[in-house]
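A short write-up of the structure that comes next.
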Amino acid sequence: QIFNQHNAEAPSLEQAFHRMAQMEPNLDHDVSWFLLPSYWAKMVVALISFLCFANSYDGDFVFDDSEAIINNKDLRAETPLGDLWYHDFWGSKLSSNTSHKSYRPLTVLTFRMNYLFAGGFYPVGFHVINIILHCTISVLMVDVFSILLGGLQFSNKGRRLNLAPKSSLLAALLFAVHPVHTECVAGIVGRADLLCALFFLLSFLGYCKAFRENKEGHTFSVFWVLMSVVLGAIAMLCKEQGITILGLNAVFDALVINKINLLELIRKLLYKDKSLENAGLLRKGLLLRITLLMCGGASILYIRWRIMGTGPPAFTEVDNPASFADSLFVRAINYNYYYSLNAWLLLCPWWLCFDWSMGCIPLIKSVSDWRIIALAALWFCLIGLICQALCSEDSHKRRILTLGLGFLIIPFLPASNLFFRVGFVVAERVIYLPSIGYCILFTYGFSLLSKQAKKKKILAVAVLGILLINVMRCVLRSSQWRSEEQLFRSALSVCPLNAKVHYNVGKNLADKGNQSAAIKYYREAVRLNPKYVHAMNNLGNILKERNELHEAEELLSLAVQIQPDFAAAWMNLGIVQNSLRRFEEAEQSYWTAIKHRKKYPDCYYNLGRLYADLNRHIDALNAWRNATVLKPEHSLAWNNMIILLDNTGNLAQAEAVGREALELIPNDHSLMFSLANVLGKSQKYKESEALFLKAIKANPNAASYHGNLAVLYHRWGNLDLAKKHYEVSLKLDPMAPGTKENYNLLRRKLEQLQKKGG
């Protein structure tokens, strides 16, 4: 509600505002809750939101953090800043067919700043920023809810009045402690949602600021309307949902600023009522503001479309199975079921999971499926709320319910599958913004119950209990997000049918060296999803290392049959075939892998090993050289080149390759060792000794390093040092090949010298 006052002799405008506010129903009048000054209310909200997620500050990089942060070249200083505007969230080119088209350059920029300021990939700084962002957003929610629940009014000094301090505090607390927000706060990748929400709210508050009367007496400021569009664009550059704030600003303008009765407006439009302008469309500059919002939104979307390219993102059936269903009925039923699950997560956020795809939610294929009840319940509630929002005679009720439904539904539209296919089934992070609408509806429902209840304090205690339970759930869920092991295992009880959950548990176990347990989970992942090629590939790798070659070959062959362009599986199949001494098939598999992934240094390395086994030395050297060209720090390829040249008597060439390798990887002790061997054979004893000692300093427990240095001293005639290093080598590895024989030769020689000296 906007009031203008031009009469200098009139009573205090602020008092007039309060009198006018009292004429309307006041939500706070019926709410039995704490009344705090605005500053203290914000402090309480900030403190509680901090307590909910503080224990995530020293968590690891988990789940999608690896791809979005650790493996994202856009975070590195060597990547030009300009590239961020042409790459997606994961660091791939937007023009690429494999890009997910998630365009969030400002979020990636904050990751890059974290990386540069910390001097590397240290997760603490990333987590701290996420916690601060959520606390800031929660504090802003006090102001946002005071407007949405109490209306928009300003004093004569231009200060916005909070007409619902108790209700806005309750709604902000509900938002701050909602457990469904844990993924956004404790998961670093969730920063996209946090930054989007921050600028989303700033855009809304900026739009509200447009209606503060200026010195010229104009009822709204074009500058602040345009500023809200700019802030909406920034929100979209953090995450795609941000664009929806422009639609919400238009809804707020129509309902709160112009007090339009939607049902009455629809009737006048249908009957072409000549008094349409009195419905509010042309009053107070609404048409101009809506035009500015629409033009701004269209321009933002057009620029986004041009940058993204014309092709939509490519997702697979396992990402979103309902969207691949042939039947329109099956798609519609399942989409609505997904909506009901999102609504349930807002109402009862107890069963939370990092991933809801891959069989976690089986498709509904028949109306006889009992889960249809969830759809009926959802639409029964929605239709009831919509009818009340449109048809209620209470304008205050109409406004709050419509705003609540608007903030619940409109930010969710990009994730609804209605306009384009999305790459997930249910994602907790996408309901960060829609939870605003839930908090409005919950608070309004609480006020209605308080109005009817005789013992209001009991009701207030019940709500306080809900808040405390949510706080404890946030703390527990944050601790689960601290490490991948806890996160993945927590999902087993929530989504036992999710193949990806079992895959991730298995991968985590395999990374820790527990191969036996990893095999169990990989097998379960393949059982749940017989087309899960990544699980087949990883299981095949473990079986290959355990020398169970025939089963490994079967799995990898099936993987490339299901996905013919799966380069990693082709390479691993080649390794297995090489171990089975089927060299021609192995070579063909390697070249197929390279065909599907042109820049594949590891595959060139393995191809070189195959050629070395076949004594095709030139081909082996060429393959390893290709590996080092594609990946200059590929230590194994450099080492194999040096060793092969050494073994074939090409000492000068081996020395040249070794020096080239050490220039690129100066601290690699294995390269120092290989080059030291070559220099020793070339009788460059002093330089060889220096490299051996440097390698031993870097890796003092390598028996072969001490043994070969002893051989060098033996040749050089420095027998005492030779004896010392032979003994160290044998102590580290009593079975070291050749070392014991060389040591015995040295002892006999020393004994002979002692006899001659005697």
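The values are calculated or read from the model by the stated rules, or taken from the named source; none is laboratory data. No experiment lies behind these values; they were computed from the predicted model shown. Here the Cβ is made from the backbone with ideal geometry for all residues, glycine too, and neighbour counts use every protein chain on show. These area figures cover heavy atoms from the full protein model, side chains too; ligands, DNA and RNA do not enter into them. Shrake-Rupley method; radii C 1.70, N 1.55, O 1.52, S 1.80 Å.
Just a few scattered comments:
- Checked against (1) farther than 30 Å from Pro362 by Cβ; (2) open to solvent by 70 Å² or more (accessible area, probe 1.4 Å); (3) touching a residue at least 40 places away in the same chain (Cβ under 8 Å), Lys531 meets all criteria but (1).
- The single condition from (1) touching a Lys or Arg at 6+ places or on another chain (Cβ under 8 Å); (2) surrounded by fewer than 20 Cβ atoms within 10 Å (Cβ to Cβ); (3) under 19 Å from Thr136 (Cβ atoms) that Trp224 fails is (3).
- When residues in the range 58-89 are screened for being in contact with a Ser or Thr (Cβ under 9 Å, 6 or more places away or on another chain) and of a type in the set (Ser, Thr, Tyr), 1 of them pass.
- Taken as a whole, the range 298-320 holds at least one residue that is of a type outside the set (S, T, N, Q) and at positive phi.
- Among the residues of the range 88-104, the ones that are surrounded by 18 or more Cβ atoms within 10 Å (Cβ to Cβ), more than 13 Å from the chain's Cα centre (by Cα) and charged (D, E, K, R) come to 1 in all.
- Candidate set from the range 665-682 (those that are touching a helix residue (DSSP H, G or I) at 6+ places or on another chain (Cβ under 8 Å), open to solvent by 20 Å² or more (accessible area, probe 1.4 Å) and not charged (D, E, K, R)); member that is farthest from Thr739 (Cα to Cα): Ile665
- Of all residues in the range 638-657, those that are open to solvent by less than 10 Å² (accessible area, probe 1.4 Å) have Cβ atoms under 7 Å from Cβ atoms of residues that are acidic (Asp, Glu), 6 or more apart or on another chain, in Ala654/Asp646.
- Residue tally, condition open to solvent by 10 Å² or more (accessible area, probe 1.4 Å), among the aromatic types (Phe, Trp, Tyr) and in contact (Cβ under 8 Å) with a residue 60 or more places away in the chain, over the range 105-159: 2
A quick yes/no check of all residues on (1) farther than 30 Å from Leu449 by Cβ; (2) of a type in the set (A, V, I, L, M); (3) assigned by the TED database to the domain that holds Pro411:
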site	(1), (2), (3)
Asn162	no, no, no
Ser167	no, no, no
Ala171	no, yes, no
Ala192	yes, yes, no
Leu201	no, yes, no
Arg212	yes, no, no
Ala233	yes, yes, no
Met236	yes, yes, no
Ala250	yes, yes, no
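- Residue in the range 307-351 that is farthest from Tyr432 (Cα to Cα), counting only those that are hydrophobic (A, V, I, L, M, F, W, C) and assigned to a loop (DSSP other than H, G, I, E, B): Ala325
- So Ile137, is it touching a Ser or Thr at 6+ places or on another chain (Cβ under 8 Å) and either at pLDDT 95 or above or not in a helix (DSSP H, G or I) (or both): no
- Output for the range 73-85, where each listed residue is surrounded by 13 or more Cβ atoms within 10 Å (Cβ to Cβ) and either more than 12 Å from Arg112 (Cβ to Cβ) or under 12 Å from the mean Cα position of the chain (by Cα) (or both): Trp85
- Considering the range 660-686, and only residues there that are of a type in the set (Ser, Thr, Tyr) and in a helix (DSSP H, G or I), the residue that is nearest to Ala710 (Cα to Cα) turns out to be Tyr685.
- Of the numbered criteria (1) surrounded by 14 or more Cβ atoms within 10 Å (Cβ to Cβ); (2) of a type outside the set (Gly, Ala, Ser); (3) over 44 Å from the mean Cα position of the chain (by Cα), the one Lys686 fails is (1).
- Counted residues, the range 391-442 - those being open to solvent by 40 Å² or more (accessible area, probe 1.4 Å), in a helix (DSSP H, G or I) and closer than 22 Å to His100 by Cα: 2
- Test result for Leu464, surrounded by fewer than 20 Cβ atoms within 10 Å (Cβ to Cβ), in the same structural domain as Cys348 (by the TED database) and free of Cβ contacts under 8 Å to residues at least 24 places away in the same chain: yes
- Residue satisfying all of: in the range 205-223; farther than 22 Å from Ile303 by Cβ and assigned to a helix (DSSP H, G or I); modelled with the highest pLDDT among these: Leu205
- If you go through the range 467-498 and pick out every residue that is open to solvent by 50 Å² or more (accessible area, probe 1.4 Å), in contact (Cβ under 8 Å) with a residue 12 or more places away in the chain and not in a helix (DSSP H, G or I), you end up with 2.
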